[in-house]
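Where a number appears in this text, it was derived from the coordinates with a stated rule and is not lab data. Only a predicted model underlies this, so the values are computations on that prediction, with no experimental measurement involved. Note that each Cβ is placed from the backbone with ideal geometry, even for glycine, and that neighbours are counted across all protein chains shown.
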Amino acid sequence: MREQPFEIWARETYGDRDFVRRNYAEIRRIYDSDMEVKPTRPKPPPPRDRYDEI
């Protein structure tokens, strides 16, 4: 079974599967609140005219 995005994020953030398992509810709440804040649209590219001067 493949890891879910939450499991990957938790392992990379906390580095310890047992810690994540013991504190699952709190970590999941943090993850969900972080995901709500992140914009779904990609950031616009930087203006090009700055590079033309160089």
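Values computed for the structure shown
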| item | result |
| --- | --- |
| Simple spin-label estimate for TYR24 and GLN4 in nanometres, 7 Å along Cα-Cβ | 0.9 |
| Extended-chain gain in nm, criterion 0.36 nm per residue less alpha-carbon gap, TYR31 and ARG11 | 6.0 nm |
